[in-house]
Structure formats: structure tokens, C-alpha cells
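Enquirer: Below are the C-alpha cells for one structure; questions will follow.
The values are calculated or read from the model by the stated rules, or taken from the named source; none is laboratory data. A quick note: this is a predicted structure, and the numbers were derived from the prediction, not measured. As a convention, Cβ positions derive from the backbone with ideal geometry for all residues, glycine included, and neighbour counts pool all protein chains shown. Ligands, DNA and RNA are stripped out before the accessible areas are found, and what is left, the full protein with its side chains, is counted by its heavy atoms. Shrake-Rupley method; radii C 1.70, N 1.55, O 1.52, S 1.80 Å.
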Amino acid sequence: MKRSIAVLVCIALCLALQGITTVALGQECSVSVVKDSFSKSHWVARPALIRIQTTGFAILQRTEVTFTSDASGGIFQSVIPLVKLVGRDVGIINQFVIIMPAIATGNFDAATETVSVSVEGCEDTAQFELNILSLSIPLSE
């Protein structure tokens, strides 16, 4: 009897909340970056296009994309998002960004930097590397 009442209450709640939110049972979301590394200058900010592939959840133009870097101590974030174009049918977010120079992000002496990407609506995160360009050029090459 208790089980029947619990099932009826669950069905009533599902019908009452229908259309408010979408719940996908057993479906997992994923986020991945199409290109896994970008170059970063010591002195000059540079533009870049980061393509983010999403699956398992709906994305919209207003879906928030967050970039978190492992560099610390600088004035600026390493990746500053600008404008994004969203392909809802294919699950692609084309995010235009500015990659700030190492002098402004506080990791002037590092060789690489890891950036995590998270997309609103999914708990999964993706990562890519920022390869800081070498200051010295070998004379043998």
C-alpha cells in the first residue's frame, strides 16, 4: 500500500512539474575542446577561437562558458571570453577569446598552463593547454 501511494505521489509530481524543467534519466552530459593546445605569448595578447563540443544537454546562445586557469598572481585571467556562436543542432560552441600574455597573468617563467572549461548545464569539464612560447631561439635551427 505504501509503495502504491509513493508511486502515485511521484506520478502526480511529475505531471505537476511537467514543462518546468527537463530531466534526462540515465543520460550523461559531456564537454570537450576540439583543439587541445593553443600558443601563448610572453608579451602580446592574441585572439583565438576555441571550439567546444557538448553532448547530452541543450545549449543556447546565452549558455555560460567559464574558463579557469591554473596560473595565479597576475592582473588578468589567462583566457578572456568575447563573443560566442552556438550551433544547437550539432552541440558546438564557437567561443572567441583573447589569450592574455604571460606577463599579465603572472606565469612568465612557466612553460605550459592548463585551462579548464565548464559549460552551464553540465557538471563535466574539459581541459586544454596553453603552451607559452619560448624566449630563446636556438642558433642551430
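Enquirer: Within segment 33-120, which chymotrypsin sites (Phe, Trp or Tyr not before Pro) sit in a loop by DSSP and count at most 11 neighbouring Cβ atoms inside 10 Å?
Expert: Answer in residue order: TRP43.
Enquirer: Please calculate how many Å² of accessible area segment 54-141 carries per residue, with a 1.4 Å probe and no DNA, RNA or ligand atoms counted.
Expert: Accessible area per residue: 60 Å².
Enquirer: On alpha carbon coordinates alone, what is the Rg over Rh value for segment 20-117, Rh being the Kirkwood radius?
Expert: Ratio value, two decimals: 1.04.
Enquirer: What's the whole-number percent of alpha carbon pairs in segment 73-136 lying beyond 15 angstrom?
Expert: More than 15 Å apart: 62 percent of the Cα pairs in segment 73-136.
Enquirer: Next question. Share of segment 64-121's accessible area from carbon and sulfur, percent, 1.4 Å?
Expert: 55 percent
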